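Written out below as structure tokens is the structure these notes cover.
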Amino acid sequence: KDVSGDSIRRRFLDFYASRGHKILPSASLVPEDPTVLLTIAGMLQFKPVFLGKVPRQVPCATTAQRCIRTNDLENVGKTARHHTFFEMLGNFSFGDYFKKEAIKWAWELSTVEFGLPADRVWVSIYEDDDEAFEIWKNEVGVPVERIKRMGEADNFWTSGPTGPCGPCSELYYDFHPERGCNENVDLGDDSRFIEFYNLVFMQYNKTEDGLLEPLKQKNIDTGLGLERIAQILQKVPNNYETDLIYPIIGKVLELANISYDSASDKEKTSLKVIADHMRAVVYLISDGVVPSNIGRGYVVRRLIRRAVRKGKSLGINGDGRGAFLPIVAEKVIEMSTYIDSDVKQKSPRILEEIRQEEVHFNKTLERGEKLLELKLHEALSMAGKKSCLSGKDAFVLYDTYGFPVEITAEVAEERGVSIDMDGFEAEMENQRRQSQAAHNVVKLTVEDGDDITKNVDETEFLGYDSLSARAVVKS
Ligand code: ATP
Ligand code: MG
Ligand code: MG
Ligand code: MG
């Protein structure tokens, strides 16, 4: 059978369509829900139905949803399985079928339709979910050694302090069955396993008193990572080497004039980051997000900046107008047919937006170099024995001008100036805390509708005071 990414997506949707699901289009990356920054899962467009606020249009549905997860930004290119942009294949039941069908179909899809060897698939369940255990063991026939009970953190999904919630069950693929099957096997060991499918059984309502009362209308919400199942079926070592992403890396290789096989690990990471980020950027811009200093626009800006820096580290010089990302983006657009059919038609605007942002950032980098010079000069002319650049300055250079701290440190060291790394780390940690709080969770409670797009930004960039002066940054 055909295991191209496009074919896997098609086969998933057809599998569920032939089991009564209506195939619905992907929703935009910009959710209608004002409490959520970006679409991070397939269920988001159905949130009002799951909450019972809107009547269901169909009993069950299936989608290939484009998603963005900025909480995985740091993992990109480091793990084999995380992207900022990916597609989540999902099947959903709105008070229609429940646990038994969801489990049996997930198994049939994995082992019959996709043909995974049954003894390579492990499952996790929530520790108290005996019902799921029985179904996996008796109805499906998974040996008990390969059913792992896990705690609340991993296998219980909640939508907030109160509201719909329930246990989940995940499917993992085992790359190394020869390592054995015993009590101590850890599904979180990513040198051996990859999680590919998550089944959420929305069966309780959590009350103010913390009680779990059974829901009248039980729902199913699932997510299967397209790039992950493609990795497994195409037998490649990571998501990036699947046909969904590798052609983009191929384009970057051409621009850098290097070959993948001879690339160092660090170069490979750069290649993956550029490919990942350009997918995210193209689809975000297509869905109406433009680079800016707040909210969603800041996500795009950060992704472009990271991609530019990685490009420089690969020695890419760009076209006559000083931009290379549009060339990469063209490849992404060429591959966009089944992800977002509007992209091709919007292509000129998307490419121009990217080009402008890249050129603008290159100028920012030049200014950053000047700022660094200035700060080094200041540090050197300070009275005292040891010249030191403050953590705050290093952070501004990193966050506003896109200077990796290692570069700042290197340049500083050449001039005999050290960096307050503790101070820098403290600034980073502060930023991380703030952005995680904002990005991580799908809030299902509409009631507490604080508009997180307003305060998601750790750093609001207010412009340059004057060239000699530092950028004005509000933290
Ligand atoms: P992981 O533990 O690997 O980070 P997750 O448990 O956070 O994954 P879920 O929230 O359960 O992921 O999402 C459902 C499915 O979507 C996952 O099983 C996986 O196949 C896919 N997925 C989740 N996050 C990513 C990502 N950053 N990149 C690619 N696929 C992802
Ligand atoms: Mg995750
Ligand atoms: Mg997980
Ligand atoms: Mg999961």
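The values are calculated or read from the model by the stated rules, or taken from the named source; none is laboratory data. Keep in mind that what you see is a predicted model, and the values were worked out from it rather than measured. Cβ placement follows ideal geometry from the backbone for every residue including glycine, while neighbour counts extend to all protein chains displayed.
Conditions tested, residue by residue: (1) away from ligand 3 (no atom under 16 Å from the Cβ); (2) at pLDDT below 90.
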position	(1), (2)
Leu37	yes, no
Ile40	no, no
Phe46	yes, no
Leu51	yes, yes
Val54	yes, no
Ala61	yes, no
Ala64	yes, no
Please verify whether Asn138 is within 16 Å of ligand 3 (Cβ to nearest atom) and surrounded by fewer than 18 Cβ atoms within 10 Å (Cβ to Cβ), treating the condition exactly as stated. no
Looking only at the stretch 73-94, and only at residues there that are under 10 Å from the mean Cα position of the chain (by Cα) and in a strand (DSSP E or B), the one that is farthest from ligand 4 (Cβ to nearest atom): Phe85
Picking from Glu254, Glu213, which residue would you name as being of a type in the set (D, E, K, R), without any contact (Cβ under 8 Å) to a residue 12 or more places away in the chain and not assigned by TED's automatic domain parsing to the domain that holds Leu13? Glu254
Qualifying positions in the stretch 98-127 - surrounded by fewer than 20 Cβ atoms within 10 Å (Cβ to Cβ) and under 19 Å from Asn219 (Cβ atoms): Phe98, Lys100, Glu101, Lys104
Meets criteria (within 16 Å of ligand 4 (Cβ to nearest atom), touching a strand residue (DSSP E or B) at 6+ places or on another chain (Cβ under 7 Å), assigned by TED's automatic domain parsing to the domain that holds Phe193 and under 19 Å from Trp105 (Cα atoms)) for Gly42: yes
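What do you reckon, is Leu224 aliphatic (A, V, I, L, M) and either at pLDDT below 95 or in contact with a Lys or Arg (Cβ under 6 Å, 6 or more places away or on another chain) (or both)?
Spelling it out, it is not the case that Leu224 is aliphatic (A, V, I, L, M) and either at pLDDT below 95 or in contact with a Lys or Arg (Cβ under 6 Å, 6 or more places away or on another chain) (or both).
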Among Val332, Val359, which is touching a residue at least 24 places away in the same chain (Cβ under 8 Å) and buried (at least 21 other Cβ atoms within 10 Å of the Cβ)? Val332
In the stretch 212-228, anything among the aliphatic types (A, V, I, L, M), more than 24 Å from Val76 (Cβ to Cβ) and buried (at least 24 other Cβ atoms within 10 Å of the Cβ) is listed as Ile220
Quick count over the stretch 194-211, residues being of a type in the set (S, T, N, Q), surrounded by fewer than 20 Cβ atoms within 10 Å (Cβ to Cβ) and within 16 Å of ligand 4 (Cβ to nearest atom), is 0
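Answer yes if at least one residue in the stretch 374-382 is in contact (Cβ under 8 Å) with a residue 60 or more places away in the chain, assigned to a helix (DSSP H, G or I) and closer than 20 Å to Phe424 by Cα, and no otherwise.
Residues of the stretch 374-382 that are in contact (Cβ under 8 Å) with a residue 60 or more places away in the chain, as a first pass: 374.
Then keep just the ones that are assigned to a helix (DSSP H, G or I); that gives 374.
From the residues that got through so far, the ones that are closer than 20 Å to Phe424 by Cα too are 374.
The answer is yes, given that some residue of the stretch 374-382 is in contact (Cβ under 8 Å) with a residue 60 or more places away in the chain, assigned to a helix (DSSP H, G or I) and closer than 20 Å to Phe424 by Cα.
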Mind listing whichever residues of the stretch 339-355 are touching a helix residue (DSSP H, G or I) at 6+ places or on another chain (Cβ under 7 Å) and loosely packed, with under 14 Cβ neighbours inside 10 Å? Asp342, Lys344
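Going by what's in this entry, would Thr70 be described as touching a helix residue (DSSP H, G or I) at 6+ places or on another chain (Cβ under 9 Å), within 16 Å of ligand 1 (Cβ to nearest atom) and without any contact (Cβ under 8 Å) to a residue 60 or more places away in the chain? Don't jump to the end; show me each part of the working.
Numbers: touching a helix residue (DSSP H, G or I) at 6+ places or on another chain (Cβ under 9 Å): yes; within 16 Å of ligand 1 (Cβ to nearest atom): yes; without any contact (Cβ under 8 Å) to a residue 60 or more places away in the chain: no.
So Thr70 fails the test.
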I'd like the full set of residues that are assigned to a loop (DSSP other than H, G, I, E, B), of a type in the set (D, E, K, R) and away from ligand 2 (no atom under 12 Å from the Cβ), limited to the stretch 38-72. Lys53, Arg56
Pick from the stretch 173-227, criterion more than 26 Å from Tyr97 (Cβ to Cβ) and part of a helix (DSSP H, G or I), ranking: farthest from ligand 2 (Cβ to nearest atom): Glu178
Residue check: is Phe86 buried (at least 17 other Cβ atoms within 10 Å of the Cβ), of a type outside the set (Gly, Ala, Ser), away from ligand 3 (no atom under 16 Å from the Cβ) and assigned by TED's automatic domain parsing to the domain that holds Ile229? no
Whether any residue in the stretch 173-180 is among the acidic types (Asp, Glu) and within 16 Å of ligand 3 (Cβ to nearest atom) is what I want to check. yes
